[in-house]
């Protein structure tokens with residue numbers, strides 16, 4: 001439900017983001033994000049936690065996505081490299097977050113303490129945002145006009161290409177991450193501690209891979225990088241599923257963490273490039289695509305309940321297939 005609500009509000013965030021109100025919206029999103037974290041820390045049951053998450057998802061869209069859009073506007077010729085840097089920074093959080101949570105548990109603060117700290121740390125970031133130069137907004141229109149433009153962009157082939165790729169590659173990004181520990185325990189027969197090690201190897205390899213992407217983009221185009229890594233992943237992923245031993249699966253999980261690096265950054269940068277001067281529209285159309293992405297874990301869970309998790313995991317191989325089929329061979333403007 002939080003993902004669906006966030007996707008539903010992303011078009012409005014994007015429509016207002018392409019107006020001079022962008023900086024104010026970033027600040028409001030940051031404050032709402034801090035509030036959501038505080039509510040989560042004080043949750044007394046399922047429903048109060050759900051309310052906190054429903055607030056947090058669209059708040060993240062305003063706070064984080066519009067900040068990303070502003071970064072894309074500042075250097076249009078460096079979109080791919082800047083998105084790769086953005087993803088690398090996020091990977092530090094992906095790896096460091098569980099470590100900080102473990103530290104909070106060890107110190108006796110629990111997950112509530114860690115979430116409350118997240119709310120507190122957000123506030124100086126919001127204050128710093130207010131002191132930044134006013135973001136440049138091109139082709140500014142009213143929110144209604146901007147929303148109409150975003151809807152019109154959904155009829156363009158290049159926009160639909162990158163939206164489809166962003167949702168497809170997520171099968172071997174967040175979706176794979178969500179299923180990995182369960183697969184290792186229920187299908188491969190690993191212990192919970194070994195499954196945790198597998199998730200740790202995958203995330204650590206992703207951090208290293210996000211750093212290597214920056215080096216790779218100095219030597220080849222982003223499109224060539226996507227096609228090369230997709231071809232390698234199309235061989236590595238079946239090998240991961242067919243590997244007979246836990247050790248081999250752990251090693252191949254790390255290989256997959258390396259190979260899927262850049263699969264979000266490059267298509268996302270290309271989506272911004274397809275809508276020059278209208279980075280808010282890129283967020284808006286991403287919200288429309290997010291509806292499909294939000295349904296994927298639910299659909300896969302239903303399929304796994306009927307056919308088994310081992311068989312369902314093969315569907316995730318559609319990610320590299322989609323890259324090889326949809327990623328163009330030549331650079332698009």
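Please treat every number below as a calculation from the coordinates, not as lab data. As the structure is a prediction and not an experimental result, all values here were calculated from the model. Every residue, glycine as well, gets a Cβ built from its backbone with ideal geometry; the counts of neighbours run over all protein chains shown.
If I model a spin label at residue 64 and residue 182 as a point 7 Å from the Cα along the Cα→Cβ vector, what separation in nanometres do I get?
In this crude spin-label approximation the distance works out to 2.1 nm.
I need the calculated FRET efficiency for the pair residue 215 and residue 49, taking r as the beta carbon distance and R₀ as 45 Å, to the nearest 0.05.
So, using R0 = 45 Å, E works out to roughly 0.65.
When 263, 86, 47 are ordered from fewest to most other Cβ atoms inside 10 Å of their Cβ, what list results?
47, 86, 263
Just to compare against my own numbers: the Cα pair-distance distribution for the range 156-326, 5 Å bins, whole % per bin, please.
1, 8, 17, 20, 20, 16, 9, 5, 2, 1, 0
With the contact rule set at Cα under 8 Å and sequence spacing of 6 or more, what percent relative contact order holds for the range 1-129?
36
What FRET efficiency comes out for residue 27 versus residue 121 if R0 is 25 angstrom and r is the Cβ-Cβ distance? Round to the nearest 0.05.
0.95
Which whole-number percent is the relative contact order of the range 156-326 (Cα, under 8 Å, 6+ apart)?
It comes to 39 percent, rounded to a whole number.
First obtain the Kirkwood hydrodynamic radius of the range 58-138 from its Cα pairs, then insert it into the Stokes-Einstein equation at 37 °C and 0.692 mPa s, and state the resulting D in µm² per second as a whole number.
After rounding, the answer is 222 µm²/s.
Rank the residues 120, 26, 283, 246 as a footprinting-exposure proxy: fewest other Cβ atoms within 10 Å of their Cβ go first.
120, 246, 26, 283
Rank these for me by crowding, 177, 149, going from fewest to most other beta carbons within 10 Å.
Listed from fewest to most nearby Cβ atoms, that is 177, 149.
In square nanometres, what is the average projected area of the Cα convex hull of the range 1-121?
8.2
For the modelled label position 7 Å from the Cα of residue 102 along Cα-to-Cβ, which residues of the range 246-265 have backbone nitrogen atoms closer than 18 Å?
Under 18 Å, as judged by backbone N against the label point of residue 102, lie 250-251, 254 of the range 246-265.
Contact order normalised by length for the chain, with contacts defined as Cα pairs under 8 Å and 6 or more residues apart; what percent is it?
Answer for the chain is 31 percent.
Pop the C-beta distance of residue 315 and residue 130 into the FRET formula with R0 = 56 Å and round what comes out to the nearest 0.05.
Calculated transfer efficiency: 0.80.
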